[in-house]
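Have a look at the structure below, then the notes.
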Amino acid sequence: MIPFSPPRIDEKTIAEVTEALRSGWISTGPKTRLFEERLAEYLGTDHVVALGSATAGLQLILHWLGIGEGDEVIVPAYTYCATANVVIHSGATPVMVDVLDDFNMDPEAVAAAITPNTKAVIPVDISGLPADYDRLFEVLESKRSIFQPKGEVQETLGRIMLISDSAHSIGAKYKGQTAGMIADMSSFSFHAVKNLTTAEGGAVVFNVADKFNHEKLKQQFKISSLHGQTKDAFSKVQIGAWRYDIVEAGFKCNMTDLQAAIGLVELERYEDTLARRKAIFDRYSERLSQCDWANVPIYQTEDKTSSYHLYLLRINNATEEQRDAIIHKIGEKQVAVNVHYIPVPMLSFYKGKGYDIANYPTTYNNYKGEITLPVWYNLTDEQVDTVLDAVITSVEEVMG
Ligand SMILES: *Cc1c(COP(=O)(O)O)cnc(C)c1O
């Protein structure tokens, strides 16, 4: 079986994690600090906060912004549930909008959905292709006059906040800028299936230096990720530094040194990872673009370069049932594929809240014939060809 997206765990990874274990620092300590420094360097920024997940990162951002009951946060209907779940957790209402043919949030739909209660918009760089940030910023600027700030942070910001769900897009580029450095704040994921993993993990990056002090923000986010405690365990071991305080009822979502150890190894070889992923995308597209039933994904435009996270193939004119049958046939040929994602309005919880997929026609259309092909660090050309053979034969078997 060709697996879908196994994590890379080799001797380098094992050595780095072992070193953390032997050091006695298994929670947040020196390796987490080093990972944050290296990540900031890689992104070309000053401060990064490493966390337990991208979801936690988004949650901390909404918490910092003071989001709560009565507020609205706009999210795309086509995403993983995390983007909407964090809004529910904050007590606000997720307002879902449709996406465009390239799977990214439709800025015009965002413009139409904004009300005086809108406090934030969370585009997703889906599959690693950055959202249309310039147009999104323009939309938010045009709505400045109806923005009703609540609290100091929102007043200082002066407009609806643009928060990027960058779970897929580490290493992607938008108009020469690195993903994570475009929206006001961004949250990366280092979950096991993502491009760069720490087993579970995430990081928040700030891009609001014109209005806020990034170093202070980093301290504040660190505190919020540790129960609101003013000192982490590592700082507390310094002589006489035992005293701490709790300044808020914070969350508990810090990254551990065991996780950071994996991340340090993965980050060091991330440029190679991206190059291999791109080569796999290219090989898929080269052959599939010759099939008239195939709608191949966009991963490079004049303005955008993807991080090649998910190869989102669509089978033209396939119904959901036909797509599912094709996946079954591909599986019989010992190839693991996937679907990204079941649109959020189609999930039981959100359906129960009254969201209806009929209101998101492009989302549904993108989803119904979608099959995600395997992409990972050392999937060989030969394996890519095996996947292609399995996909092409299975589509022909089902679609005739
Ligand atoms: C994976 C993912 C997340 C959540 O990441 P975690 O690190 O698992 O919290 C959020 N949004 C999208 C689009 C994702 O794919």
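Which numbered condition in (1) surrounded by fewer than 18 Cβ atoms within 10 Å (Cβ to Cβ); (2) touching a Cys at 6+ places or on another chain (Cβ under 6 Å) is the only one that S225 fails?
(1)
Does A192 satisfy the criteria of being within 16 Å of the ligand (Cβ to nearest atom) and either surrounded by 19 or more Cβ atoms within 10 Å (Cβ to Cβ) or outside the structural domain of I26 (by TED's automatic domain parsing) (or both)?
no
Scan I326, I315 and give me the residue that is more than 18 Å from A167 (Cα to Cα), in contact with a Ser or Thr (Cβ under 6 Å, 6 or more places away or on another chain) and β-branched (V, I, T).
After applying the criteria, what remains is I326.
If you check L157, L140, L129, L136, which single one turns out to be modelled with pLDDT of 95 or more, more than 16 Å from the ligand (Cβ to nearest atom), under 27 Å from F190 (Cβ atoms) and not β-branched (V, I, T)? Steps first, please.
Details: L157 fails: under 27 Å from F190 (Cβ atoms); L140 fails: under 27 Å from F190 (Cβ atoms); L129 fails: more than 16 Å from the ligand (Cβ to nearest atom).
That would be L136, the only listed residue that is modelled with pLDDT of 95 or more, more than 16 Å from the ligand (Cβ to nearest atom), under 27 Å from F190 (Cβ atoms) and not β-branched (V, I, T).
Out of (1) in a helix (DSSP H, G or I); (2) more than 20 Å from the chain's Cα centre (by Cα), what's the single condition that is false for L274?
With (1) in a helix (DSSP H, G or I); (2) more than 20 Å from the chain's Cα centre (by Cα) applied to L274, the lone miss is (2).
Give the residues of segment 171-189 that are near the ligand (Cβ under 10 Å from one of its atoms) and either among the hydrophobic types (A, V, I, L, M, F, W, C) or more than 17 Å from T83 (Cβ to Cβ) (or both), sorted by residue number.
Hit for segment 171-189 is F188, nothing else.
Looking at I163, I223, can you tell me which residue is within 16 Å of the ligand (Cβ to nearest atom) and of a type outside the set (D, E, K, R)?
Details: I223 fails: within 16 Å of the ligand (Cβ to nearest atom).
That would be I163, the only listed residue that is within 16 Å of the ligand (Cβ to nearest atom) and of a type outside the set (D, E, K, R).
How many of the residues in segment 208-222 are closer than 20 Å to I170 by Cα and crowded, with 18+ Cβ neighbours inside 10 Å?
Here the count works out to 1.
Grab the helices (runs of 4 or more DSSP H) fully contained in segment 150-268, keeping just those with 2 or more residues being touching a helix residue (DSSP H, G or I) at 6+ places or on another chain (Cβ under 9 Å), more than 26 Å from S90 (Cα to Cα) and in contact (Cβ under 8 Å) with a residue 60 or more places away in the chain.
Per the criteria, 257-268.
Looking at K236, K231, K278, K252, can you tell me which residue is of a type in the set (D, E, K, R), surrounded by 15 or more Cβ atoms within 10 Å (Cβ to Cβ), out of contact with any Gly (no Cβ under 6 Å at 6 or more places or on another chain) and within 30 Å of V86 (Cβ to Cβ)?
Values: K236 fails: surrounded by 15 or more Cβ atoms within 10 Å (Cβ to Cβ); K278 fails: within 30 Å of V86 (Cβ to Cβ); K252 fails: surrounded by 15 or more Cβ atoms within 10 Å (Cβ to Cβ).
Going through K236, K231, K278, K252 in turn, just one is of a type in the set (D, E, K, R), surrounded by 15 or more Cβ atoms within 10 Å (Cβ to Cβ), out of contact with any Gly (no Cβ under 6 Å at 6 or more places or on another chain) and within 30 Å of V86 (Cβ to Cβ): K231.
May I ask you to verify whether F35 is more than 12 Å from the ligand (Cβ to nearest atom), buried (at least 21 other Cβ atoms within 10 Å of the Cβ), among the aromatic types (F, W, Y) and in contact (Cβ under 8 Å) with a residue 60 or more places away in the chain? Steps first, answer last, please.
Numbers: more than 12 Å from the ligand (Cβ to nearest atom): yes; buried (at least 21 other Cβ atoms within 10 Å of the Cβ): yes; among the aromatic types (F, W, Y): yes; in contact (Cβ under 8 Å) with a residue 60 or more places away in the chain: yes.
Judged against the criteria, F35 is a match.
Quick check on S235: is it small (G, A, S) and modelled with pLDDT of 95 or more?
In short, no.
Test V121 against the criterion of being buried (at least 24 other Cβ atoms within 10 Å of the Cβ), out of contact with any Asp or Glu (no Cβ under 6 Å at 6 or more places or on another chain), under 16 Å from Y78 (Cα atoms) and free of Cβ contacts under 8 Å to residues at least 40 places away in the same chain, and give yes or no.
Spelling it out, it is not the case that V121 is buried (at least 24 other Cβ atoms within 10 Å of the Cβ), out of contact with any Asp or Glu (no Cβ under 6 Å at 6 or more places or on another chain), under 16 Å from Y78 (Cα atoms) and free of Cβ contacts under 8 Å to residues at least 40 places away in the same chain.
The values are calculated or read from the model by the stated rules, or taken from the named source; none is laboratory data. The structure displayed is predicted, hence computed values, not measured ones. A quick note on method: Cβ atoms are made from the backbone with ideal geometry, for glycine too, and the neighbour counts reach across all protein chains shown.
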